[in-house]
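All remarks here apply to the structure that follows.
The values are calculated or read from the model by the stated rules, or taken from the named source; none is laboratory data. What you see is a predicted model; the values in this text were computed from it and never measured. Note that each Cβ is placed from the backbone with ideal geometry, even for glycine, and that neighbours are counted across all protein chains shown.
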Amino acid sequence: MATMNNIVIKGAKENNLKNIDLMIPRNSIVCFVGVSGSGKSTIAFDIIAKEGQRQYFESLSSFARRYLQKSNAPDVDLIQGISSTIIIDQERVRNSPRSTVGTLTESYTYLRMLFSRVGLPSMDSSFFSFNHPNGACRECKGLGRAIEIDVNKIVDMEKSLSQGALLPSDWYVGGRQWKIIKATGYFDMDKKVKDFSEEELQTLLYHPKTLFEDDERYGANRWTYQGIISRLKERNSKVHRSNPQRDLGYYTSTDCPTCHGGRLHEKALSVKINGKNIGEVANMSIIECLEFVRTIDHPHSEAIKPRLIEQLTALINVGVGYLSLNRSSETLSGGEAQRIKFARQLGCDLVETIYVLDEPTAGLHPRDVDMVIQNLRALKEKGNSVLVVEHDKAIIEQADHIIEIGPGGGAQGGQVIAQGTFNDILITSTSRIAPYLQESLNNTPHATRKPTGSISMSHAKRHNLKDISLDIPTGILVTLTGVSGSGKSSLVEEMMDRFGNSIVLVDQSPVGNFKRGCIGTYTGSFDIIRKIFAKEHGMSESFFSFNAHGACEACHGLGFIDMDMNFLGNVKIYCEACHKSRYKEKVLQYEYKGKNIAEVLKMTADEIKEFFKNDALQEKMDLLIEVGLDYIEIGQTLDTLSGGESQRLKLASRLQAKGEFYILDEPTSGLHCADIEKLMKLLNRLVDNGNTVLVVEHNLEVIKSADWIIDLGPEGGNKGGYIVAQGTPYDIAKNEASPTGKYLSL
């Protein structure tokens, strides 16, 4: 029977899918490919993954279902051959400082058991838990970190007090706090702070509250002087302070001075195995932790060691061996979070399960991709089906079956344009990815641009950086490369701390989670459109806003109503009053060139340009098209955008800028080969406009197109943090010490 060996989908109409039929082989590695917004994730996640979970949940008792995630049936006519599904995505895991790599994988639980059984003096396992009152450090409450005010963030040592050396806004030159400092008579206001004596610096920063009385020469009579750091700490210790956010930029996170990052109180940290306490072991890299565990030779450890070794090995095998078990989950990247979920599944013995993965190569250096392929095969060989949404050629080439969705994104997508083996795709004329799969890496050096200057970084020691110093060239395209955990993110964090006022970080954080914000409102194009409608009909602009007077009264301008059906699922019901339009019926009676405002919101950038012929609108739509968002309807809400789409939308607002220094974090994430071509044109345009662009990236097409490469490594974690190579792509390809160069020279 076909459904025993295949997942059968008929009449899929979810999101932009065009009523498609699919037969997907089970017990295989199946790769879904296609341009951004084509519908590949809709099939893998919104149909197969959610339906597998939904059917499994419905087999449970109604009592149990009350405590499980709710989901609804996808918009398909028929789906067969499905089994329970496990999603391994890039969603951040438990965004809490108390959740760590060790607690997420249960590795720390086994480590606690090991120390309670083998360590001396002997203690109960709860004394080794930083989430238990018995074990938590009394100073940091088990977080392992303390926040301290960073002097360099509040004082510019190269300036005098009269020149504005004090950076917090309350101490601006001529302001009350500045006048008080002058009135004390303690300081030479024209001497650079770097020339202050130790006593003068202590007085400036830490002087306790002192009452002064003086005449009004300096605008003060009875007044209190307090050191800057003393004052900042006092006002941030008050429960009801007026603006707690404004001072966050002056703080930096350091190891807790009491537990030194071990998270536990001194009694627990006094227990040792082979000279190491549990805090020291949990702060080692996972690779070093595994080596330590293997050295333990004690009868009481024999029942615990095998499972702990298995879990640590799984973490190393997915490419996160450079992390520590004490690493907070809130500091993990999306790719790291996904690989930790991956490691948990490698230790399971499930069969006939469907695993659905979202770009498992995200954030991985080309050197580490082979490890991902091995792990995918391991899941398959256990008798499972592995469905992967991916753009990486190496993964696509190793898949048993490939399904390409397209041909475009949004309304232009949603169709199966090619499927079969890798070789089948290569000879399919309708495939958009085949030409890119056939191309070999072009290593011909291109003419690199010359820097216009540089910014200097000296003695960078953040996290695993090994006291590095370097000059980062400006006015060109720079890529920051290196294997996972080599220190790339740490270097970017250090740059933001030192030069944050002159650097624009364009990351993949959401543009907004507000259900009412859309592409049109973010770009300002919706304001222009509402003005056009208002002028056409002599009405108020707010009349044509779904966030104001024009909003449907039933759904309040959302277009849908969330209805909690208890254990049957949380159902999103499209509003019957406005038929998903978000507007009152009377608003929709007003048209411009035969279209009402709701119909206009369903248009893409190309359609808006053609319809309105408005110069201001055309300029905004051209920006969306340039950043590869031409497939998205301008009424699409911001909370539905992927990380890559959010990043490109932020870029769209920056394309006209000049003289800026941009840092982009993995901008190729989620991008098809065709979209990467668009991205490179965009980045080169930014540079040619007189900007500097630094890209943290693993994609070889981006790396080889750079003017300058900074390669960190040679490994991750403690074995990383060095500059292993700098230079043009041609220089790096010839450098035998560079892990990246080996792939550029293939």
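Find the residue count for the stretch 246-275, including only residues that are among the charged types (D, E, K, R), under 15 Å from residue 326 (Cα atoms) and crowded, with 17+ Cβ neighbours inside 10 Å. Explain how you work it out, then say what you get.
Taking the stretch 246-275 as the starting set, the residues that turn out to be among the charged types (D, E, K, R) are 246-247, 255, 263, 266-267, 272.
From the residues that got through so far, the ones that are under 15 Å from residue 326 (Cα atoms) too are 255, 263.
Pick out the ones that are also crowded, with 17+ Cβ neighbours inside 10 Å and you get 263.
Of the residues in that region, 1 qualify.
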Number of the condition not met by residue 501 [criteria: (1) closer than 17 Å to residue 692 by Cβ; (2) at pLDDT 85 or above]: (2)
Single match in 602, 613 (criterion: surrounded by fewer than 17 Cβ atoms within 10 Å (Cβ to Cβ), within 29 Å of residue 358 (Cβ to Cβ) and either aliphatic (A, V, I, L, M) or modelled with pLDDT under 95 (or both)): 602
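Kindly indicate the residue of the stretch 96-117 that is farther than 14 Å from residue 340 by Cβ and assigned to a loop (DSSP other than H, G, I, E, B) and also modelled with the lowest pLDDT among those meeting that condition.
So the first thing to find is which residues in the stretch 96-117 are farther than 14 Å from residue 340 by Cβ, and the list is 96-98, 109-117.
Filter once more, so that each one left must be assigned to a loop (DSSP other than H, G, I, E, B): 96-98.
Values: 96: 71, 97: 76, 98: 85.
Ranking the candidates gives 96 first.
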Might you let me know whether the stretch 190-198 holds any residue that is in contact (Cβ under 8 Å) with a residue 24 or more places away in the chain and touching a Phe, Trp or Tyr at 6+ places or on another chain (Cβ under 8 Å)? no
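Does residue 486 satisfy the condition of being more than 24 Å from residue 725 (Cα to Cα), of a type in the set (Ser, Thr, Tyr), in contact (Cβ under 8 Å) with a residue 12 or more places away in the chain and not in a helix (DSSP H, G or I)?
On the way: more than 24 Å from residue 725 (Cα to Cα): no; of a type in the set (Ser, Thr, Tyr): yes; in contact (Cβ under 8 Å) with a residue 12 or more places away in the chain: yes; not in a helix (DSSP H, G or I): yes.
Taking the combined requirement at face value, the residue does not satisfy it.
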Can you list the helices (runs of 4 or more DSSP H) lying wholly within the stretch 188-286 that have 1 or more residues being closer than 30 Å to residue 125 by Cβ, modelled with pLDDT of 90 or more and not assigned by TED's automatic domain parsing to the domain that holds residue 156? 266-269, 278-282
Filter the stretch 399-425 for residues that are at pLDDT 95 or above and either among the hydrophobic types (A, V, I, L, M, F, W, C) or in contact with a helix residue (DSSP H, G or I) (Cβ under 7 Å, 6 or more places away or on another chain) (or both) and give the result. 399, 402, 403, 404, 405, 416, 417, 418, 422, 425
Qualifying residue in the stretch 712-719 (condition: on the phi > 0 side of the Ramachandran plot and without any contact (Cβ under 8 Å) to a residue 60 or more places away in the chain): no
Filtered residue count, the stretch 423-437, keeping only those that are part of a loop (DSSP other than H, G, I, E, B) and under 33 Å from the mean Cα position of the chain (by Cα): 3
